[in-house]
Structure formats: C-alpha cells, structure tokens
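Working notes, beginning with the structure itself.
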Amino acid sequence: MTTLAAERISAGYGGRRVLVDVDVALESGALVALVGPNGAGKSTLLRCLAGLVRPSGGRVLLDGTDLASLDRGAIARRIAVVPQTFDTLFPFTVREIVSLGRTARLGLLAIPRGADVAAVDRAIDDLDLRDLAPRRVDELSGGERQRAVLAMALAQDGDALLLDEPTAHLDPAHQRATLILIRRLARERRLAALAVLHDLNLAAALCDRIVVMSDGRVAADGAPSGVLDPSTVAAVFGPGLDVATRDGTPYVLPSPPR
C-alpha cells in the first residue's frame with residue numbers, strides 16, 4: 001500500500017501564496033481527479049506532491065517519509081509525473097522518449113538491463129504505441145505525443161502517478177480511453193494516481209474520487225456523487241451550470257442563456 005499525502009501545505013511563488021493549508025491523501029488502487037477553476041492551485045498542488053515545489057508550510061509524506069528528506073533520484077523512482085507540456089531539443093523517437101522513464105533506475109554506467117527494456121516494451125504496449133515507436137516525436141500529433149509522455153511515466157514503474165491534464169490534445173474517444181486505462185492500471189498495479197482535469201463529466205464518470213480546489217484550498221473531497229452537487233458547483237465554478245444525474249453519476253451541463 002502506497003500513500004502520498006499533503007498535510008496542511010501552503011505554497012506559492014515570489015511571495016504570492018497559491019496554496020493555503022491543503023490536506024489531501026492518495027492511496028494505492030484509485031484514480032483521483034483534481035478539478036477547479038483556472039488559478040485554483042491544481043498544478044501547484046501536483047508539483048508539491050511530486051516534490052518539484054517545496055511547501056512553505058506543512059509537509060508532503062510518501063509512506064510516512066517527508067519528501068524534503070529524499071533526494072531527487074529517490075523521489076523519481078517512486079513518483080512519476082506527466083506534465084502539461086513536454087518539449088525536447090532533440091528529435092527522439094517514441095521508443096527513446098519512453099526509455100527516458102528508466103533514467104532514475106539505471107546503474108552507474110546508464111546501460112539498460114533486461115528489466116528496463118521489458119518496462120519500456122510494456123509501457124509502449126499499454127499505450128498502443130507499437131506502430132509509432134520508431135517515429136520521431138516531432139512528427140507526432142499532439143495526442144500521439146501525449147500518449148508517448150504517459151508511456152514514459154509508466155515505464156518508471158513507480159508507486160504514484162501524477163498527471164497534469166493528461167487528456168489535453170485528445171479527442172473525446174481518446175480522452176475516455178486514456179482515463180479508463182489509467183484507472184485500470186491504478187487498480188491492477190496498485191498505483192496511487194492523481195489527474196488534473198478540466199472536464200467535470202470525465203472526472204465524474206471515470207474517476208474513483210474527486211478533489212475540488214478553489215482559491216488555493218480544498219473545497220470538497222469525496223466520491224463524485226457527493227462532491228458534484230449543485231451548491232458546490234455553483235460556489236466553485238460560478239453560475240450558468242446545471243447538475244443532472246444519470247444512474248447515480250452527476251453530470252454538469254451549461255444552462256441556456258435566459
């Protein structure tokens with residue numbers, strides 16, 4: 001069982017506070033959606049959980065150990081991150097991009113072993129990238145590149161998977177398929193998984209839990225049916241949105257102008 005938890009963390013940039021006393025915990029086997037308006041602090045919270053931003057207050061614990069006490073390599077072996085954008089100066093192939101996920105696990109000579117090759121092959125198959133593996137990343141569509149970066153994160157074989165808008169650049173069918181895959185992998189491989197999402201309906205239909213951020217704080221945290229209620233949606237996202245329910249799952253719909 002892996003637990004990645006933020007305990008009353010505050011964080012910001014250049015004196016500007018973005019997060020204020022945030023508590024959130026991720027556990028193995030579940031996919032958690034992190035939602036909220038632009039500027040609510042979602043990406044900053046993800047970066048704190050990944051050890052990329054050190055909180056100005058509170059702490060982030062990985063199985064009870066403060067991330068501040070771990071070096072970057074130790075964190076990278078346990079926590080994989082899929083950023084919003086991934087840029088490279090070199091025209092790597094898809095296989096080479098995915099292989100970068102093994103960097104933190106390579107030995108002193110940085111020579112891939114059998115386990116490294118197997119992990120890369122598995123990640124390529126998981127994301128259905130076999131036909132794209134020899135192609136250069138600068139030849140890919142935005143959606144194909146996003147899948148390659150997700151495969152790179154899976155190749156790390158970590159215990160936690162943090163994704164910043166993993167469905168960006170994907171059409172609706174691939175958005176659904178990607179989240180279904182992430183949720184399945186979280187359950188099968190006992191990953192603690194968190195995805196920053198803007199689509200509330202994807203979060204409600206395909207995630208086990210939703211954390212709602214507003215003004216740098218957690219406004220709600222729980223099962224979709226208990227979180228996406230009309231009062232919370234109106235308070236966090238503003239007017240003009242209706243909440244309907246289908247088979248127990250809430251959906252958020254824009255109301256027509258009056």
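Summary table
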quantity: From the options VAL137, VAL94, VAL149, residue that is of a type in the set (Val, Ile, Thr) and within 15 Å of the chain's Cα centre (by Cα); calculated: VAL149
quantity: Leading residue by the ranking (nearest to VAL22 (Cα to Cα)) among those in region 238-258 that are surrounded by fewer than 17 Cβ atoms within 10 Å (Cβ to Cβ) and among the hydrophobic types (A, V, I, L, M, F, W, C); calculated: LEU241
quantity: Lone qualifier among ARG102, ARG77, ARG54 - being in a loop (DSSP other than H, G, I, E, B), at pLDDT below 95 and surrounded by 13 or more Cβ atoms within 10 Å (Cβ to Cβ); calculated: ARG54
quantity: Which numbered condition ALA234 fails, given (1) within 23 Å of ALA40 (Cα to Cα); (2) in contact (Cβ under 8 Å) with a residue 12 or more places away in the chain; (3) among the hydrophobic types (A, V, I, L, M, F, W, C); calculated: (2)
quantity: Flag if ALA33 is out of contact with any Leu (no Cβ under 8 Å at 6 or more places or on another chain), surrounded by 21 or more Cβ atoms within 10 Å (Cβ to Cβ) and among the small types (Gly, Ala, Ser); calculated: no
quantity: Scan of region 209-258 for residues that are touching a helix residue (DSSP H, G or I) at 6+ places or on another chain (Cβ under 7 Å) and either basic (Lys, Arg) or part of a loop (DSSP other than H, G, I, E, B) (or both), ordered by number; calculated: LEU228, GLY248
quantity: Enumeration of residues in region 11-30 that are under 27 Å from LEU191 (Cβ atoms), more than 16 Å from the chain's Cα centre (by Cα) and surrounded by 15 or more Cβ atoms within 10 Å (Cβ to Cβ); calculated: ALA11, VAL18, LEU19, VAL22
quantity: Check on ARG183, among the charged types (D, E, K, R), in a loop (DSSP other than H, G, I, E, B) and over 29 Å from ARG16 (Cβ atoms); calculated: no
quantity: Qualifying positions in region 222-252 - touching a strand residue (DSSP E or B) at 6+ places or on another chain (Cβ under 9 Å) and within 18 Å of ASN38 (Cα to Cα); calculated: LEU228, THR232, VAL233, ALA234, ALA235, VAL236, PHE237, GLY240, LEU241, VAL252
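The values are calculated or read from the model by the stated rules, or taken from the named source; none is laboratory data. Note that the structure is predicted; figures quoted are calculated from it, not measured. We place every Cβ from the backbone using ideal geometry, glycine too, and count neighbours over all the protein chains shown.
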